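Structure record follows, encoded as structure tokens.
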Amino acid sequence: MQHDDLAFDTLAVHAGAEPDELTGAVAPPIYQTSTFAQDGVGRPRGGYEYARTQNPTRERLERAVAALEGGEFGIAFASGSATTAAIAELASPDDEIVVGDDVYGGTYRYFERVLRPRRVVARYVDLATDPENVRAALSERTRLVWFETPTNPLLKLVDIAGVRAAVDAHRGARGERPLVVVDNTFASPALQRPLMLGADIVFHSATKYLAGHSDTVNGIAVTSGAAVAEQLRFLQNAIGAVPGPFDCFLVLRGLRTLALRLDRHATNALAVARFLAGRDDVEWVAHPGLSEGRFAHPQAGLAARQMRAGGGMVSFVPGAGEPGRSARDRAVAICEATRLFTLAESLGGVESLIEIPADMTHASVAGSPLQVPDALIRLSVGIESSDDLIADLRRALDGA
């Protein structure tokens with residue numbers, strides 16, 4: 001299928017979902033197999049030998065997400081964390097990785113507890129305030145420049161094109177320009193396409209918005225660099241952290257409604273953010289779409305240029321409330337009082353979730369420069385009625 005002339009909404013429905021080559025089935029079959037019969041010794045049929053190495057269902061997913069991101073190659077893994085680990089393998093001992101200073105706690109844990117003991121050093125830099133900040137952290141050993149945008153959980157934005165421009169002339173590890181790696185999980189290609197802005201590798205926890213239904217764990221990286229893709233494909237096979245065919249099918253099915261879902265996620269999240277911003281008992285609100293008022297996002301202009309909408313995530317810090325009570329105590333009470341917002345980790349599903357990152361997704365950054373406020377609440381705003389979601393939050397805030 002030619003992709004260049006298709007709108008994203010159309011591409012989301014059709015990429016990787018072409019009718020089955022053998023039967024014409026509109027819903028392609030799931031190749032739930034571990035191995036493949038060969039036509040002779042060393043003569044695999046269609047190139048398929050063993051399902052860790054190749055699987056038709058996984059190939060459809062890889063092709064689909066690559067098309068949605070505007071890239072050439074997709075490489076799928078068993079989880080977002082497995083994708084993180086595989087991309088990080090591109091850095092060798094004594095190499096350095098420059099990292100944005102607000103990232104998922106599991107990413108920080110991997111960099112600090114797995115990579116650092118292997119002499120791969122991560123340097124954390126504020127890339128949101130100014131992409132030029134990356135220059136001071138670059139060295140002759142820099143292999144990767146790695147960041148999220150929007151970030152998790154503070155929802156800061158990083159100027160992708162600005163970072164790429166800042167590193168373009170630098171020569172780091174192996175005498176090469178550092179690779180720009182963007183975690184696009186919070187936006188998805190429905191809202192932002194980092195490769196089009198200069199990133200070398202874009203990746204996702206496909207568990208989240210790509211799949212969209214909180215029923216699978218999956219990850220995927222996309223690149224247009226043939227050499228990088230070859231390395232990642234080798235690591236995919238050699239390490240073996242591949243997703244099963246049914247998990248790939250679930251993400252493929254989710255992709256077909258990605259454009260519709262992200263429209264609703266973004267609309268609902270902005271409504272929720274505006275509601276929270278209008279309350280006197282809320283101390284801070286973050287959403288990239290807030291462009292006015294006391295909680296206007298400092299990078300709302302960048303959001304308008306770089307993203308199609310502000311996304312489905314909202315973070316906020318409640319006020320302490322009654323005397324003698326901390327904001328932290330009130331945050332816990334709010335999270336335990338909601339009915340529609342389920343208290344759970346993860347994000348990007350059709351249902352709304354609420355959590356306290358300091359205790360849940362970001363416990364591993366406690367005591368580090370990346371530590372998040374202990375009263376911060378992170379919302380993954382689903383596709384329910386925004387009126388019902390706001391009523392749920394109002395009830396919880398009023399009662400806490």
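Suppose we filter the range 328-347 for residues that are among the small types (Gly, Ala, Ser) and either open to solvent by 40 Å² or more (accessible area, probe 1.4 Å) or out of contact with any strand residue (DSSP E or B) (no Cβ under 6 Å at 6 or more places or on another chain) (or both); how many remain? If you could, list the steps in order and put the result at the bottom.
Of all residues in the range 328-347, those among the small types (Gly, Ala, Ser) come to 331, 333, 337, 344, 346.
Then keep just the ones that are either open to solvent by 40 Å² or more (accessible area, probe 1.4 Å) or out of contact with any strand residue (DSSP E or B) (no Cβ under 6 Å at 6 or more places or on another chain) (or both); that gives 333, 337, 346.
Total satisfying the criteria: 3.
Could you tell me whether the range 305-323 includes any residue that is open to solvent by less than 30 Å² (accessible area, probe 1.4 Å), free of Cβ contacts under 8 Å to residues at least 40 places away in the same chain and not in a helix (DSSP H, G or I)?
Step one: list which residues in the range 305-323 are open to solvent by less than 30 Å² (accessible area, probe 1.4 Å), which gives 306-307, 310-319.
Pick out the ones that are also free of Cβ contacts under 8 Å to residues at least 40 places away in the same chain and you get 319.
Checking the rest, the ones that are also not in a helix (DSSP H, G or I) come to 319.
Yes: the range 305-323 contains one or more residues that are open to solvent by less than 30 Å² (accessible area, probe 1.4 Å), free of Cβ contacts under 8 Å to residues at least 40 places away in the same chain and not in a helix (DSSP H, G or I).
When you look at LEU260, is it over 25 Å from GLY162 (Cβ atoms), buried (at least 24 other Cβ atoms within 10 Å of the Cβ) and modelled with pLDDT of 95 or more, yes or no? Quick ask: steps written out before the conclusion?
Details: over 25 Å from GLY162 (Cβ atoms): yes; buried (at least 24 other Cβ atoms within 10 Å of the Cβ): no; modelled with pLDDT of 95 or more: yes.
Criteria not met by LEU260.
Those residues that are surrounded by fewer than 22 Cβ atoms within 10 Å (Cβ to Cβ) and assigned to a loop (DSSP other than H, G, I, E, B), I need them from the range 160-191; list them, please.
Matches in the range 160-191: ASP168, ALA169, HIS170, ARG171, GLY172, GLU176, ARG177.
Condition (residue is open to solvent by less than 20 Å² (accessible area, probe 1.4 Å), in contact with a helix residue (DSSP H, G or I) (Cβ under 8 Å, 6 or more places away or on another chain) and of a type in the set (Phe, Trp, Tyr)) applied to the range 71-79: is it met by at least one residue?
Of the residues in the range 71-79, the ones open to solvent by less than 20 Å² (accessible area, probe 1.4 Å) are 71, 74-77.
Next cut, in contact with a helix residue (DSSP H, G or I) (Cβ under 8 Å, 6 or more places away or on another chain) only: 71, 74-77.
Still in the running and of a type in the set (Phe, Trp, Tyr): 77.
Yes; the residues of the range 71-79 include at least one that is open to solvent by less than 20 Å² (accessible area, probe 1.4 Å), in contact with a helix residue (DSSP H, G or I) (Cβ under 8 Å, 6 or more places away or on another chain) and of a type in the set (Phe, Trp, Tyr).
Return the total of residues in the range 329-380 being farther than 28 Å from PHE111 by Cβ and either β-branched (Val, Ile, Thr) or part of a loop (DSSP other than H, G, I, E, B) (or both).
12
Could you tell me whether any residue of the range 38-45 is touching a helix residue (DSSP H, G or I) at 6+ places or on another chain (Cβ under 9 Å), at pLDDT 95 or above and closer than 30 Å to ALA187 by Cβ?
no
Taking the condition open to solvent by less than 40 Å² (accessible area, probe 1.4 Å) and assigned to a strand (DSSP E or B), does VAL134 pass?
The answer is no for VAL134.
Just checking, which of ALA300, ALA286, ALA273 is without any contact (Cβ under 8 Å) to a residue 40 or more places away in the chain, open to solvent by less than 50 Å² (accessible area, probe 1.4 Å) and closer than 14 Å to LEU155 by Cα?
Of ALA300, ALA286, ALA273, the one residue that is without any contact (Cβ under 8 Å) to a residue 40 or more places away in the chain, open to solvent by less than 50 Å² (accessible area, probe 1.4 Å) and closer than 14 Å to LEU155 by Cα is ALA300.
Quick one: in the range 96-118, of everything that is part of a helix (DSSP H, G or I) and of a type in the set (Gly, Ala, Ser), which residue is surrounded by the most Cβ atoms within 10 Å (Cβ to Cβ)?
Per the criteria, the residue is GLY105.
For LEU157, state whether it is in contact (Cβ under 8 Å) with a residue 60 or more places away in the chain, on the phi < 0 side of the Ramachandran plot and open to solvent by 20 Å² or more (accessible area, probe 1.4 Å).
no
Anything in the range 192-213 that is among the small types (Gly, Ala, Ser) and either open to solvent by 20 Å² or more (accessible area, probe 1.4 Å) or closer than 27 Å to PRO245 by Cα (or both)? List them, or say none.
SER205, ALA206, ALA211, GLY212, listed by residue number.
The values are calculated or read from the model by the stated rules, or taken from the named source; none is laboratory data. All of these numbers come straight from a predicted model, not from anything done at the bench. Glycine gets a Cβ as well: all are built from the backbone with ideal geometry, and neighbour counts include every protein chain shown. Note: areas computed on protein heavy atoms with side chains; ligands, DNA, RNA excluded. Shrake-Rupley method; radii C 1.70, N 1.55, O 1.52, S 1.80 Å.
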